[in-house]
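J.: The structure under discussion is supplied below as C-alpha coordinates; questions concerning it will follow.
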Amino acid sequence: MHELSLCRSIYGIVDRARGDRPVEVVHLQIGQLRQVVPQTLAYCWDVITAETPLAGSRLDVDHVPVVLDCACGARTTVGEELVLTCAACDGADVTLRTGEELMVTAVDLTATVPAGSGDAISRDG
Ligand SMILES: [Zn+2]
(Lines give C-alpha, C1' and ligand atoms only; values in the text may rest on other atoms or scores of the structure.)
Protein backbone atom coordinates (compact mmCIF):
# COMPACT_ATOMS: atom_id res chain seq x y z
CA MET A 1 0.00 0.00 0.00
CA HIS A 2 2.19 2.85 -1.25
CA GLU A 3 -0.52 5.38 -0.45
CA LEU A 4 0.63 5.23 3.16
CA SER A 5 4.20 6.30 2.42
CA LEU A 6 2.82 8.83 -0.02
CA CYS A 7 0.70 10.35 2.75
CA ARG A 8 3.76 10.53 5.01
CA SER A 9 5.56 12.57 2.37
CA ILE A 10 2.55 14.82 1.86
CA TYR A 11 2.29 15.30 5.61
CA GLY A 12 5.89 16.44 5.79
CA ILE A 13 5.42 18.95 2.99
CA VAL A 14 2.16 20.33 4.36
CA ASP A 15 3.42 20.51 7.93
CA ARG A 16 6.39 22.60 6.82
CA ALA A 17 4.23 24.83 4.66
CA ARG A 18 1.54 25.57 7.22
CA GLY A 19 3.77 26.86 10.01
CA ASP A 20 1.49 26.63 13.06
CA ARG A 21 -1.69 27.41 11.16
CA PRO A 22 -4.59 24.93 10.89
CA VAL A 23 -5.16 23.31 7.51
CA GLU A 24 -8.52 22.60 5.91
CA VAL A 25 -7.76 21.22 2.45
CA VAL A 26 -4.60 19.94 0.79
CA HIS A 27 -4.66 20.15 -2.99
CA LEU A 28 -2.66 17.56 -4.91
CA GLN A 29 -1.85 16.77 -8.50
CA ILE A 30 -1.41 13.07 -9.06
CA GLY A 31 -0.64 11.59 -12.44
CA GLN A 32 -2.43 8.48 -13.59
CA LEU A 33 0.84 6.56 -13.83
CA ARG A 34 1.22 6.84 -10.06
CA GLN A 35 -1.56 4.28 -9.72
CA VAL A 36 -2.96 5.94 -6.62
CA VAL A 37 -6.35 4.71 -5.43
CA PRO A 38 -8.26 7.81 -4.24
CA GLN A 39 -10.23 6.04 -1.53
CA THR A 40 -7.09 4.40 -0.17
CA LEU A 41 -5.26 7.71 -0.23
CA ALA A 42 -8.06 9.42 1.72
CA TYR A 43 -8.10 6.59 4.24
CA CYS A 44 -4.33 6.70 4.71
CA TRP A 45 -4.45 10.46 5.15
CA ASP A 46 -6.93 10.02 8.00
CA VAL A 47 -4.63 7.44 9.58
CA ILE A 48 -1.49 9.57 9.19
CA THR A 49 -3.08 12.77 10.46
CA ALA A 50 -5.00 11.24 13.38
CA GLU A 51 -4.12 13.01 16.62
CA THR A 52 -1.88 15.47 14.82
CA PRO A 53 -2.52 19.16 14.14
CA LEU A 54 -3.61 18.13 10.64
CA ALA A 55 -6.43 15.89 11.85
CA GLY A 56 -9.69 16.75 10.11
CA SER A 57 -8.03 18.14 7.02
CA ARG A 58 -8.87 16.51 3.71
CA LEU A 59 -7.17 15.86 0.41
CA ASP A 60 -8.42 17.29 -2.86
CA VAL A 61 -6.84 15.31 -5.66
CA ASP A 62 -6.55 16.57 -9.21
CA HIS A 63 -6.01 13.46 -11.31
CA VAL A 64 -3.78 14.16 -14.27
CA PRO A 65 -4.30 11.91 -17.29
CA VAL A 66 -1.37 10.39 -19.17
CA VAL A 67 -0.61 12.39 -22.32
CA LEU A 68 1.91 11.21 -24.90
CA ASP A 69 3.67 13.12 -27.65
CA CYS A 70 4.55 10.90 -30.59
CA ALA A 71 7.42 11.23 -33.06
CA CYS A 72 4.75 11.48 -35.79
CA GLY A 73 3.48 14.71 -34.26
CA ALA A 74 0.25 13.36 -32.81
CA ARG A 75 -0.71 13.77 -29.16
CA THR A 76 -2.51 10.97 -27.36
CA THR A 77 -4.45 11.12 -24.13
CA VAL A 78 -4.29 7.66 -22.62
CA GLY A 79 -7.44 6.10 -21.18
CA GLU A 80 -8.01 3.75 -18.27
CA GLU A 81 -6.17 0.92 -20.00
CA LEU A 82 -2.80 2.70 -19.87
CA VAL A 83 -1.82 1.68 -23.39
CA LEU A 84 1.32 3.72 -23.96
CA THR A 85 1.33 3.87 -27.74
CA CYS A 86 0.31 6.59 -30.20
CA ALA A 87 -3.39 6.61 -31.07
CA ALA A 88 -2.67 7.98 -34.55
CA CYS A 89 0.12 5.69 -35.82
CA ASP A 90 0.19 3.01 -33.12
CA GLY A 91 3.88 3.76 -32.67
CA ALA A 92 5.76 3.39 -29.41
CA ASP A 93 8.21 6.21 -30.09
CA VAL A 94 6.43 8.45 -27.63
CA THR A 95 7.41 10.99 -25.01
CA LEU A 96 5.55 11.21 -21.75
CA ARG A 97 4.10 14.71 -21.44
CA THR A 98 1.99 14.35 -18.31
CA GLY A 99 0.93 11.53 -16.04
CA GLU A 100 3.83 11.27 -13.60
CA GLU A 101 2.86 14.24 -11.44
CA LEU A 102 2.97 13.91 -7.72
CA MET A 103 2.87 17.26 -6.03
CA VAL A 104 1.18 19.39 -3.44
CA THR A 105 -0.17 22.34 -5.42
CA ALA A 106 -1.89 24.34 -2.68
CA VAL A 107 -2.84 24.25 0.99
CA ASP A 108 -6.08 25.85 2.17
CA LEU A 109 -5.74 27.19 5.68
CA THR A 110 -8.74 27.09 7.98
CA ALA A 111 -10.43 30.44 8.34
CA THR A 112 -10.04 31.25 12.01
CA VAL A 113 -11.81 34.61 12.19
CA PRO A 114 -14.18 34.22 15.14
CA ALA A 115 -17.65 35.54 14.42
CA GLY A 116 -18.73 38.43 16.59
CA SER A 117 -15.52 38.65 18.53
CA GLY A 118 -13.44 41.78 18.54
CA ASP A 119 -10.73 40.30 20.72
CA ALA A 120 -8.92 38.31 18.06
CA ILE A 121 -7.37 41.28 16.33
CA SER A 122 -5.34 43.60 18.47
CA ARG A 123 -3.52 46.59 17.15
CA ASP A 124 -0.48 47.61 19.07
CA GLY A 125 0.71 51.10 18.40
ZN1 LIG B 1 2.26 8.59 -33.77
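The values are calculated or read from the model by the stated rules, or taken from the named source; none is laboratory data. Keep in mind it's a predicted model, so treat the numbers as computed, not measured. Ideal geometry is used to build each Cβ from the backbone, glycine not excepted, and the neighbour counts take in all protein chains shown.
J.: Among the listed residues THR76, THR40, THR98, THR85, identify the single one that is surrounded by 15 or more Cβ atoms within 10 Å (Cβ to Cβ), hydroxyl-bearing (Ser, Thr, Tyr) and in contact with a Cys (Cβ under 7 Å, 6 or more places away or on another chain).
T.: Result of the check over THR76, THR40, THR98, THR85: THR76.
J.: Anything in the range 1-35 that is within 17 Å of GLY56 (Cα to Cα), assigned to a helix (DSSP H, G or I) and not hydrophobic (A, V, I, L, M, F, W, C)? List them, or say none.
T.: Across the range 1-35, the qualifying residues are ARG8, TYR11, GLY12, ASP15, ARG18.
J.: Here's a follow-up. Considering the range 67-99 alone, what residues qualify as being more than 16 Å from the ligand (Cβ to nearest atom) and at pLDDT 95 or above?
T.: Of everything in the range 67-99, those that are more than 16 Å from the ligand (Cβ to nearest atom) and at pLDDT 95 or above turn out to be THR98, GLY99.
J.: While we're on this one: List the pairs whose first member sits in the range 54-83 and is assigned to a strand (DSSP E or B), whose second member is within 16 Å of the ligand (Cβ to nearest atom) and small (Gly, Ala, Ser), and whose Cβ atoms are under 6 Å apart, counting only residues at least 6 apart or on separate chains?
T.: Correct list of pairs: CYS70/GLY91; THR76/ALA87.
J.: Shifting gears a bit: Identify, from the list THR112, THR52, the residue that is closer than 24 Å to ASP15 by Cα and modelled with pLDDT under 95.
T.: When all the criteria are applied, what remains is THR112.
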